[in-house]
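What follows is one structure encoded as structure tokens, with my remarks underneath.
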Amino acid sequence: MLQEANAIATKAGLKVRALTPGFGAEIMGIDLSRPLDDATAAAIRDIWVEAGLILIRDPQADDEAQMRLSRVFGEMEPAATADMNDPANQYMMTLKYDPADEKPRFQTNYNFGGHDRAGYIPWHWDQSFMPTIVRGAVLRMEQPASKLGQTGFIDAIEAYERLSPEMQDRIDGLEVVYHFITDFLQCRFGVPADLKALPRETKSGGAKYEFPPVVHPMVITQRETGRKALKISPLQAQYLLGMDRTESDALLLELGTHLTDESHAYFHDWQKNDMLVWDNWRMIHHAQGVPLDVARSARRTTIMGDYAVGRYLDPALDRNRAVKRIVD
Ligand SMILES: [Fe+2]
């Protein structure tokens, strides 16, 4: 078991360092320059399921190494927003902030804590506006930020286990309605109280997306272990289905504040070509953003999910319908 942060252990022949006392593990000594053998792939997967988040540090890692790692966790899924994908590789998405870019696609800059930030994204799990939860993602930092630019992670299993037995009973069976949000000032919780948007001229006219509301259970169970997770995506959660709105607002605020308590978070300080793989059925994450004059560039692959626990709020909509996807 992973006990103390920075403690090194050997697991299934792999060297593992805990990132926090509760979750996260760095796996050392993995050679991704050639195919992984089955035993090593199985060991990586097991460590990932146990830890929720794994780090592999390899300054030489490239797209090929990243895809090799991605396939350990399942089939990759191309992002349907073709303009964000590498024209030569549909599985590889580029997440980039370049201060010199005069045609930013959809990112608004923000200000909080007295500082301007580009690329800030509040706490969330990916694609909560879809009925099926993607399994995970691999993020490789091609060009780390010279300042800030950390990515934060919180374990929703740990958050569930920190709830009182009374609260665990109260939320059993509740469902959360999600709506896609691009204006973070509309977030109900999980954002700084002093958050302000910085108007930014977008010559392209910005990206507009219409996703119908989706419903997900508030608590989901990890298949492999039976542990429960407080599966709320703070960024897009709107209200609790079938509950009086005042009560719903109060309960979501209480649980959202509990879930996004950063004293339980791990913030990763990226080195060049670090790769982080998160279990999207379990972890929430958040991009701290960078100062407006600092560049940053990451490559992301997405792991397909079959966790069909959600549905469209409108029962007339086909849950498997094709939609245009976006990074959230
Ligand atoms: Fe995300």
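The values are calculated or read from the model by the stated rules, or taken from the named source; none is laboratory data. Keep in mind the model is a prediction, meaning the values are calculated, not measured. Positions of Cβ are generated from backbone atoms using ideal geometry, with glycine treated the same way; all protein chains shown enter the neighbour counts.
Looking across the range 178-187, just one residue is crowded, with 18+ Cβ neighbours inside 10 Å and closer than 14 Å to LEU240 by Cβ, and that is TYR178. When LEU235 is tested against the conditions (1) crowded, with 16+ Cβ neighbours inside 10 Å; (2) within 14 Å of the chain's Cα centre (by Cα); (3) away from the ligand (no atom under 14 Å from the Cβ), the lone failure is (3). Answer yes or no: is there a residue in the range 260-281 that is part of a helix (DSSP H, G or I) and free of Cβ contacts under 8 Å to residues at least 12 places away in the same chain. Yes, there is a match, as at least one residue in the range 260-281 is part of a helix (DSSP H, G or I) and free of Cβ contacts under 8 Å to residues at least 12 places away in the same chain. Within the range 283-308, being polar (S, T, N, Q) and touching an Asp or Glu at 6+ places or on another chain (Cβ under 9 Å) holds for SER297, THR301, THR302. Taking into account only those residues within the range 112-146 that are of a type in the set (Phe, Trp, Tyr) and more than 11 Å from the ligand (Cβ to nearest atom), which is farthest from VAL72 (Cα to Cα)? Checked the range 112-146; the qualifying residue farthest from VAL72 (Cα to Cα) is PHE112.
In the range 93-104, the residue that is modelled with the highest pLDDT out of those that are closer than 28 Å to ALA65 by Cβ and away from the ligand (no atom under 16 Å from the Cβ) is ASP98.
On the stretch given as the range 147-162, residues that are touching a Lys or Arg at 6+ places or on another chain (Cβ under 9 Å) and either outside any strand (DSSP E or B) or within 13 Å of the ligand (Cβ to nearest atom) (or both) total 6. Put simply, of ILE133, ILE121 the only residue that is of a type in the set (A, V, I, L, M) and over 20 Å from LEU198 (Cβ atoms) is ILE133.
Checked against the criterion of being crowded, with 23+ Cβ neighbours inside 10 Å, over 12 Å from VAL176 (Cα atoms) and modelled with pLDDT under 95, the range 311-318 contains not a single residue that satisfies it.
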